[in-house]
Amino acid sequence: MLQTTFVRRPFFLIAVALLLAACGGAAGTPSTIPATSYFRTPPRQALRAIDKIKHVVIVVQENRSFNDLFYGFPGAKTATFGYDSKHEKVALKPLGLASTWDLPHNSQGFLEACDGIGSIPGTHCRMDGFDKERPSGCGASGPRCPIKWPQYSYVPH
């Protein structure tokens, strides 16, 4: 009994494989095209330059944002204004990278920028309080800021 089981099993597996192969349909129909052909990459000559890009890495300087560095870049979604603490629009102005000003890096600066409306400070931020922050490097201890609110700026191309 044991011997016939081992002899029959290979024949059974071959029969199942043949049946499954026969279920593919008539030759030339889409069901007989191997699945891998749908996912083949085009020949090298057909690749466009953009198709050769596999990864894009964007390194952004501290205190800069995508909007700040790529303002108006074709195809990029960037803002042209920000809101102040009175919920009024402030148009972004060009300001080069060579600057001496800096925004506060402390909890008070965060709370001012956050302009939160939650019962706990720093929660439910509206992120419209940047006009409340006083940039260092501008004013009494140093040169004047190049524009009224340098925090509402972008780097020109």
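Which shape class, rounded, prolate or oblate, goes with region 79-153 when its Cα gyration tensor gives a ≥ b ≥ c as root eigenvalues, a/c under 1.5 marks rounded, and past that a/b bigger than b/c marks prolate?
Because a/c hits 1.5 or more and a/b fails to exceed b/c, region 79-153 counts as oblate.
If amide hydrogens are placed 1.01 Å from N in the peptide plane, which non-local residues have theirs closer than 5 Å to the one on Tyr83?
Val90
Could you check how much of the accessible area of region 90-157 is carbon and sulfur, as a whole percent, using a 1.4 Å probe?
Reported share for carbon and sulfur atoms: 58 percent.
The values are calculated or read from the model by the stated rules, or taken from the named source; none is laboratory data. Keep in mind that this is a model prediction, so the values were computed, not measured. Heavy atoms of the whole protein, side chains included, go into the accessibility calculation; ligands, DNA and RNA do not. Shrake-Rupley method; radii C 1.70, N 1.55, O 1.52, S 1.80 Å.
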